[in-house]
1. Pop a pseudo-label 7 angstrom from the Cα along the beta-carbon direction at both Phe111 and Leu145 and give the gap in nm to one decimal.
2. How many percent of the alpha carbon pairs in the stretch 87-164 exceed a separation of 19 Å?
3. For the stretch 143-160, in order, what is each residue's ³J(HN,Hα) by Karplus, 6.51 cos²θ - 1.76 cosθ + 1.60 with θ = phi - 60°, in whole Hz (x at glycine and Pro)?
4. Separation of the stretch 89-155 and the stretch 1-67 by C-alpha centroid, Å?
5. Using every Cα-Cα pair within the stretch 1-79, state what percent have a distance larger than 21 Å.
6. State the extension gain, in nm to one decimal, for the chain segment bounded by Leu10 and Phe135, taking 0.36 nm per residue of separation less the distance between their alpha-carbons.
7. Please list, in chain and number order, the residues 5+ apart from Ser27 or on another chain whose amide H is under 5 Å from its amide H, with Hs placed from the backbone.
8. So which trypsin sites (Lys or Arg not before Pro) in the stretch 10-100 pass both tests, a DSSP loop state and at most 12 other Cβ atoms within 10 Å of the Cβ?
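Just so it is clear, none of the values below were taken in a lab; they were calculated from the coordinates. If you're wondering where the values come from, they're calculated on a predicted model, not measured in any experiment. Here the Cβ positions follow ideal geometry from the backbone for every residue, glycine too, while neighbour counts run over all protein chains shown.
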Amino acid sequence: MKSYINEHILRFIACILLQIFLVSKFSIFGYAFGFIYILFLLKLPVSLSKPFLLLLAFITGFIIDIFSNSLGLHSASCLFMMLVRPFVLSFLMPRGGYDDDTKIDIQYMGFTWFFKYSIFIIFIHHSTLFFLEIFSFQNFWVTLLKILLSSFLTLFLIFSLHFIFKDTEYKKI
């Protein structure tokens with residue numbers, strides 16, 4: 001259990017540092033932005049309590065807000081993402097349900113399940129982030145384009161990191 005907690009702490013630190021010092025410096029034509037820090041939140045265990053999930057989401061978003069000078073946009077997006085997460089998990093629940101020790105991971109849950117889960121959560125996060133940023137529907141199509149392109153870029157980065165640093169200590173059940 002202690003190594004499992006250490007794994008999440010290391011993932012938190014790595015995702016935050018990658019976001020702050022590398023990924024946040026790049027965009028594709030001003031429309032696609034990568035948000036690798038949400039990998040930490042994506043992979044949190046199913047068994048965590050909702051208050052603890054919200055606390056971790058707030059801390060993660062707050063740190064990104066501090067370094068990106070975004071006035072709470074990332075905090076709000078992370079909080080909303082974690083509020084919606086139980087509904088996404090119940091929508092994607094396997095037949096037998098989730099065990100208390102269920103890891104949210106490609107190797108454990110399978111590629112298809114993790115892809116669906118990631119795309120739902122990433123799209124929710126990015127929609128919240130970009131609509132809060134513009135705070136209107138005036139440029140709806142431009143905002144939608146940013147959401148879609150950024151979602152695909154973030155998904156690509158997350159899956160790339162997953163395959164680069166894949167964990168071979170357990171197999172899919």
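1. Rounded to a tenth, the inter-label distance reads 3.2 nm.
2. Percentage above 19 Å: 46.
3. Along the stretch 143-160, the couplings run 5, 4, 4, 4, 4, 5, 5, 5, 5, 5, 5, 4, 4, 4, 5, 5, 5, 4 Hz.
4. The stretch 89-155 and the stretch 1-67 have Cα centres separated by 14 Å.
5. Tail of P(r) above 21 Å: 27 percent of Cα pairs.
6. 41.6 nm
7. none
8. Values: sites: Arg11, Lys25, Lys43, Arg95; in loops: Lys43, Arg95.
Here the sparse-neighbourhood loop sites are Arg95.
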